[in-house]
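Chemist: The structure under discussion is supplied below as structure tokens; questions concerning it will follow.
Coordinate-derived values only; no laboratory data. In this text, all values refer to a predicted model and were calculated from it rather than measured experimentally. Reconstructed Cβ throughout: ideal geometry from the backbone, glycine too, with neighbour counts over all protein chains shown.
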Amino acid sequence: MGWLARLARLRRAPPAAGISVHLVLKGRIGEGWYDVDRRIALPAGATLGALIEEAELKGIAVRAALAQSPHLGHTLMWNGDRCAVADHLERPLADGDEIYLLAPLAGG
């Protein structure tokens, strides 16, 4: 099959149903420093739990961060609204959602 035929075939293919979620995980957590700012593709209807699973598959240690700094589980920001991870694992994500896990900073 030539490249023009392949291109025509791709143009006729239905778009893949899915969403893109912006995941940010920053700060000193446990003994490590996290600096994650990524868009993660997920199937439509995916939940916060599915995002955590997909992030782990992509090498982003969200579970370790939550385990090393338990307060993060209560300070997750979902599109600017604070929510507890455990209470929202089954909540569906929407395309363009932003999920932030930010470690607290101290200074003076």
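Chemist: Please order LEU48, LEU66 by the number of other Cβ within 10 Å, starting at the fewest.
Modeler: Arranged by neighbour count, lowest to highest, LEU48, LEU66 become LEU66, LEU48.
Chemist: Which part of the range 80-101 falls in the paramagnetic zone of LYS26, meaning amide N under 15 Å from the point 7 Å along Cα-to-beta-carbon?
Modeler: Backbone N within reach: 80, 98-101.
Chemist: Also: Which value in nm describes the separation of the simple spin-label points at ALA64 and LEU89, placed 7 Å from the Cα toward the beta carbon?
Modeler: Taking the two extended label points, one gets 2.1 nm.
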